[in-house]
Every structure is written in C-alpha cells, then in structure tokens.
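In what follows, a structure is listed as structure tokens, so that the remarks can point back to it.
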Amino acid sequence: MSEPAKIVAIIAANTALSSLLTMVVAGDSRLKVRQFDSEAALLAYMRLAPVDMLVCDFDREGRPAYEMVEAIRLNTTLVSRDVPVIALTRTITPPMRHQAISAGIDEVIIKPMSPRHLLQRVQARLRSRSVVGVLGGYRGPDRRNRIATVVPRPMPTRRSTDNVIPLFPDRRKPQHPGLEG
C-alpha cells in the first residue's frame, strides 16, 4: 500500500517564481503542489485541507513571511498549524534570523537557488517530518521568549556556494566535548 501524496503549498515573491517552483516540486509524483498568489487564498485553503509543507518567500509583497507563519501557528481554525516551513530570501540579517526562529520557520534558503535544490530540501524535510521548535504540538508567543535566554553560538562557517542557512545548531555533535563517554 502506497503512502498518500504529500501536499506542498507554495507562495513566492511573484507568479513566475511560484510557477517555476511548482513545476519542479510537482515533478515528484509523491507530492501534490498547491500554488497561492495571496496569503488570504493560502489561509482559506488551510482552513479546509491539510498542508504537509509550506514554502514561502520573505521577498513577497504584503505581510512579512515570519508574520504570516506566526499567524498560521496561532490560528486554531487551520487544519494543519504545525506545518514545516521553508522560507526563501535574497539575504538574511541577524534580526531576520531571530524573526524566522521566533515564528517557527524550519529552514531558510538563500535565492537564487536551484529549484531542484528546493525540491531536495522539501523531500528531506518531509522524510524527517521534524518541525523545529514544536513543544507538545504548540508554537506560540512563549517560544519567542526563549530566544533571549539562548546563549548565541558562532554560526558554522559557510561556503560561498551554500544556500541553506542553519537556524539551529547541529544537535548530532556533542555539545560539551569533554563529556563524551
């Protein structure tokens, strides 16, 4: 018995980018892609049907992506509030990074990027189905308060060819080198 198709919602900065990303992601027969031109259309859809992954763009018109994602997390009328989110942006600043973490955005990819790279990230995120920061299925204002208490660590070095900006440290590495067994 095969697993049902996963629904990927895409709302990008413009129709051309949305169409391109939709076409590439829809190339995976296990995924069904829904393209949205507005936040209102996305939220209307999410009130009626589940979404397994959301791809949004910081560079689109209207409310910033982090505010839209935060509104999704807090909206009890939506079918799937704990949807994993990949955000796209041309640049990322330290305040933007904190806003993304606060809102519950799982991953940020720097544009321009290969649409195939986005497809690979969507597939990887759906495989692991890990939503960053979910505590008992709830994400909300209390999650923002934790940012101030976190001791900042230096970001891993990036190669100029990297498109994925890590928002959280790699938890597979030992946090305290002297304590390994």
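Worth pointing out:
- Rounded accessible area of Lys111 (nearest 10 Å², 1.4 Å probe): 30 Å²
- Counting only Cβ charges, +1 for Lys and Arg and -1 for Asp and Glu, the dipole size of the range 28-79 around its Cα centre is about 280 debye.
- Averaging over all projection directions, the Cα-based convex hull of the range 1-102 occupies 6.9 nm² in the image plane.
The values are calculated or read from the model by the stated rules, or taken from the named source; none is laboratory data. Nothing here was measured: the structure is a model prediction, and the numbers come from that model. Using ideal geometry, Cβ is built from the backbone for each residue, glycine included, and neighbour counts are taken over all protein chains shown. The area values use the complete protein model at the heavy-atom level, side chains included, leaving out ligands, DNA and RNA. Shrake-Rupley method; radii C 1.70, N 1.55, O 1.52, S 1.80 Å.
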